[in-house]
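The values are calculated or read from the model by the stated rules, or taken from the named source; none is laboratory data. Because the structure is a prediction, the values reported are computed rather than measured. Because the Cβ atoms are built from the backbone with ideal geometry, glycine has one as well, and the counts that use them run over all protein chains shown.
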Amino acid sequence: MQNIPMVDLVGQYNKIKPEVDAAIQQILSTAGFIGGPFVKKFQEDLQEYLGIRNVIPCANGTDALQVAMMSLGLQPGDEVITTSFTFIATAEVIALLHLTPVLVDVDKDTYCIDPEAVERAITPKTKAVVPVHLFGQCANMDAILDIAKRHNLYVIEDDAQAIGAEYTFKDGTKKKSGTIGDIGCTSFFPSKNLGCYGDGGAIFTDNDELAEQIRVIVNHGMKTRYYHDYVGVNSRLDAIQAAVLGIKLKHLDEYCKARQDVAAYYEKAFSVTEKIITPKTASFTTNVFHQYVVVLNGVDRAGLMAHLQSKGVASAIYYPVPLHLQKAYTDPRYKKGDFPVCEYLCEHVVALPVHTEFTEEQLKYVADSVLEFINK
Ligand SMILES: *Cc1c(COP(=O)(O)O)cnc(C)c1O
């Protein structure tokens, strides 16, 4: 029996071990844990990679989203539209800031926020929209920017799952995911496509004024040391994480390619059955497959997952419950049946392992294990 985890971070580390160990050792021997050259270098390298004027590192992806929203001067009661099919962090920060999360359904092919649903949800109180580039592909940003422009809304991209993906606008110009709206937010959680060895995150913007505001907020609302102009937070990326990220950034495109190769293998392997609906990538975006999520068509999901587990193959459900049906987010505005696409997905999706270290033999093993159950 094989043992195939959702991600293989140890295998990935082993390939860059000498460089990572040397960088960490250097930090230990100088005790330069906070700030310093590794943080600055990574920030600059990421700006260059993304083609954006400002990258502000922070402590995690959730903070990135929270600080982004704080920087826009939104007021309690302002409405922020996002998708009901995402990780909770996206809506959590909206609620924490006493803004009103307005949830909408997703596109049936890409599982990203449905622009038409966004437009329908707009009220005079709407101030911002947060598209999530779910599972590795960009949401329809041409449509979202167009809506935002017409209704004077800020666009904050939740890019935690799609760093490295590229968006092609209708006019043919290209931008990296996270650099398209007013602000982009990402996470460097270890299992993300660009992950560190603890927690980390970053905020991207081409708007220098917003960037300045964001730099102040992540540092206790402080411009001059011990003079606090705003209520801020403490959110920073530490030097060890920045050093790891700096090394891994050089491999990001190669990591994305490795994930795409896994997806291509699965796509072909599952083309023999209609019981597995493989992910569709929209024409305007590349897909960096943060997750490989299939939709089961007439297959017992729990049975499949138990079968895979018995074969040593990990699987997971992203996400079992849509945000509008989460207990903490119970709201008289929403009930079961409101967002049929998203609710259907929650009941039928399963994520298979996808990472940068797969061998062809392992891929065959996963695909065979899935098909064995499907064809039973
Ligand atoms: C991971 C993730 C986040 C939060 O990132 P953390 O670094 O864990 O705080 C936010 N949004 C989405 C879509 C994510 O996948």
Scan region 124-148 and report the pairs whose first residue is in contact (Cβ under 8 Å) with a residue 60 or more places away in the chain and of a type in the set (D, E, K, R) and whose second residue is assigned to a helix (DSSP H, G or I) and away from the ligand (no atom under 13 Å from the Cβ), with Cβ atoms within less than 9 Å and a gap of 6+ or a chain change.
ASP142/PRO115
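In the list THR62, THR110, THR86, which residue meets the criterion of being over 23 Å from LYS248 (Cβ atoms), buried (at least 23 other Cβ atoms within 10 Å of the Cβ) and within 16 Å of the ligand (Cβ to nearest atom)? Spell out the reasoning first.
Details: THR62 fails: over 23 Å from LYS248 (Cβ atoms); THR110 fails: buried (at least 23 other Cβ atoms within 10 Å of the Cβ).
Matching residue, one of THR62, THR110, THR86: THR86.
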Region 296-309: number of residues that are loosely packed, with under 12 Cβ neighbours inside 10 Å and among the aliphatic types (A, V, I, L, M)
1
Any residue in region 112-133 that is at pLDDT 95 or above, acidic (Asp, Glu) and within 24 Å of VAL295 (Cβ to Cβ)?
yes
Qualifying residues in region 164-183 (those that are surrounded by 18 or more Cβ atoms within 10 Å (Cβ to Cβ) and among the β-branched types (Val, Ile, Thr)) - the one nearest to PHE284 (Cα to Cα)
ILE180
Out of all the residues in region 1-46, which are closer than 30 Å to TYR292 by Cα, touching a Gly at 6+ places or on another chain (Cβ under 9 Å) and loosely packed, with under 15 Cβ neighbours inside 10 Å?
MET1, GLN2, ASN3
Taking region 178-215 and keeping only residues that are within 13 Å of the ligand (Cβ to nearest atom), assigned to a loop (DSSP other than H, G, I, E, B) and of a type in the set (S, T, N, Q), one is left with SER191, ASN193
Filter region 279-295 down to the residues that are surrounded by 17 or more Cβ atoms within 10 Å (Cβ to Cβ) and either more than 19 Å from the chain's Cα centre (by Cα) or among the aromatic types (Phe, Trp, Tyr) (or both) and list them by number.
PHE284, PHE289, TYR292, VAL295
Every listed condition ((1) within 30 Å of LEU103 (Cβ to Cβ); (2) more than 25 Å from the chain's Cα centre (by Cα)) holds for VAL370 save (1)
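Only one of GLY200, GLY221 is of a type in the set (Gly, Ala, Ser) and either touching a helix residue (DSSP H, G or I) at 6+ places or on another chain (Cβ under 8 Å) or more than 30 Å from THR30 (Cα to Cα) (or both). Can you tell me which?
Values: GLY221 fails: either touching a helix residue (DSSP H, G or I) at 6+ places or on another chain (Cβ under 8 Å) or more than 30 Å from THR30 (Cα to Cα) (or both).
The conditions single out GLY200.
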Only one of these conditions is not met by GLN241: (1) of a type in the set (S, T, N, Q); (2) crowded, with 22+ Cβ neighbours inside 10 Å; (3) touching a residue at least 60 places away in the same chain (Cβ under 8 Å). Which number is it?
(3)
Checking ILE144 against (1) out of contact with any Cys (no Cβ under 6 Å at 6 or more places or on another chain); (2) in a loop (DSSP other than H, G, I, E, B); (3) crowded, with 24+ Cβ neighbours inside 10 Å, which test does it fail?
(2)
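Can you tell me how many residues within region 147-164 are outside any strand (DSSP E or B), more than 15 Å from the ligand (Cβ to nearest atom) and β-branched (Val, Ile, Thr)?
1
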Checking the structure you have, find out if any residue of region 367-374 is hydroxyl-bearing (Ser, Thr, Tyr), modelled with pLDDT of 95 or more and in contact with a helix residue (DSSP H, G or I) (Cβ under 8 Å, 6 or more places away or on another chain).
yes
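For SER315, state whether it is at pLDDT 95 or above, surrounded by 13 or more Cβ atoms within 10 Å (Cβ to Cβ) and in contact with a Lys or Arg (Cβ under 8 Å, 6 or more places away or on another chain). Steps first, answer last, please.
Working: at pLDDT 95 or above: yes; surrounded by 13 or more Cβ atoms within 10 Å (Cβ to Cβ): yes; in contact with a Lys or Arg (Cβ under 8 Å, 6 or more places away or on another chain): no.
No; evaluated as a whole, the condition is false for this residue.
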A careful count of residues in region 359-375 that are within 12 Å of HIS307 (Cβ to Cβ) and charged (D, E, K, R) gives 2
